[in-house]
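Structure first, commentary second.
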Amino acid sequence: MRINIDIDKKYEDTSITIQTNEWTEELEHLLNMIKKEKKPQRLFGIEGDQTILLKPEKIDFIYAENRKVYAAIDDRRLEIRMKLFEVEDALSTNHFMRFSKSVIGNITRINRFELSFNGNLCVYFHSGNKEYISRKYVTTVKKKLMTGGNNNDI
């Protein structure tokens, strides 16, 4: 990738032009950085009558069950009072990816995975939790992991 910067007083506004032969996740990440979309750095989890601040990097996965959304952190399940697509949008820059229709996972927390006989991927997290990635999302998640999605590599 080449980067050209032209600074001159003749320009009134800042303009960015990207020339490429295909759209990549790297460009998507670059675009999000340029836009500087301020997304929440924390979520609120409900446990009993307490509201707890959750750091996204501590969450293994987030899932929808019985019309509610929960965050899985170690052996705890905390309710999040947002819709799953809202959580996915808020955490997209924090290494969260869609695993299935009802699950969003944190790929930096993945320890290992194994292929199931039906084409799904069984993912094991550092905490011991496990979740399945449906066939539809397996290729995308594998690509993200191969391009450095996991900060905890051996």
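Can you tell me the orientation of helix 135-146 relative to the chain, as the angle in degrees between its alpha-carbon axis and the longest Cα principal axis, to the nearest 10?
Taking the Cα atoms of the chain, the angle to 135-146 is about 60 degrees.
When Lys and Arg each count +1 and Asp and Glu each count -1, what net charge do the other residues less than 15 Å away from Asp74, Cβ to Cβ, add up to? Please list the in-between numbers first.
Details: positive: Lys55, Lys58, Arg76, Arg77, Arg109, Lys130; negative: Glu47, Glu57, Asp60, Asp75, Glu131.
So the surrounding residues net to +1.
Could you tell me the calculated FRET efficiency between Arg67 and Asn111, based on Cβ-Cβ distance and R0 = 30 angstrom, to the nearest 0.05?
On the way: r = 30 Å, r/R0 = 1.01.
So the FRET efficiency works out to roughly 0.50.
Taking 35 Å as R0, compute the FRET efficiency from the Cβ-Cβ separation of Thr140 and Asp13 and round it to 0.05.
Values: r = 35 Å, r/R0 = 1.01.
Taking R0 as 35 Å, the efficiency between Thr140 and Asp13 is 0.50.
Taking K and R as +1 and D and E as -1, what net charge do the other residues with C-beta under 12 Å from the C-beta of Glu25 add up to?
Numbers: positive: Lys143, Lys144; negative: Glu22, Glu26, Glu28.
Neighbourhood net charge equals -1.
Put +1 on the Cβ of every Lys and Arg and -1 on every Asp and Glu Cβ in the range 1-151; which of Val69, Leu53, Ser116 then has its Cα farthest towards the positive end of the dipole?
The residue sitting farthest along the positive end of the dipole is Ser116.
What residue among Gly128, His29, Met97 has its Cα farthest toward the positive end of the dipole of the chain, where the charges are +1 on Lys, Arg and -1 on Asp, Glu, each on the Cβ?
Among Gly128, His29, Met97, the one farthest towards the positive end of the dipole of the chain is Gly128.
Give me the net charge for the shell around Gly119: Cβ to Cβ below 15 angstrom, other residues only, Lys and Arg +1, Asp and Glu -1. Could the numbers behind the result be given before it?
Values: positive: Arg135, Lys136, Lys142; negative: Glu114.
So the environment of Gly119 carries a net charge of +2.
Going by how many other beta carbons lie within 10 Å of each one, how would you line up Phe96, Phe44, fewest first? Spell out each step's value before the answer.
Values: Phe96 22, Phe44 15.
Ascending number of Cβ neighbours within 10 Å: Phe44, Phe96.
In the structure shown, do any of Lys9/Lys144; Lys58/Lys142; Lys9/Lys55; Lys10/Lys144 have a Cα-Cα gap over 32 Å, and if so which?
Numbers: Lys9/Lys144 40 Å; Lys58/Lys142 21 Å; Lys9/Lys55 43 Å; Lys10/Lys144 41 Å.
Listed pairs above 32 Å: Lys9/Lys144; Lys9/Lys55; Lys10/Lys144.
Can you put Lys130, Lys9, Lys143 in order of Cβ neighbours within 10 angstrom, beginning with the fewest? Working shown, then result.
Working: Lys130 16, Lys9 5, Lys143 12.
If I rank by nearby Cβ atoms, fewest first, I get Lys9, Lys143, Lys130.
The numbers here are math on the coordinates, done by the rules we state, and not lab data. Being a predicted model, the structure only gives us computed values, none of them experimental. Glycine also receives a Cβ, built like all others from the backbone with ideal geometry; neighbour counts cover every protein chain displayed.
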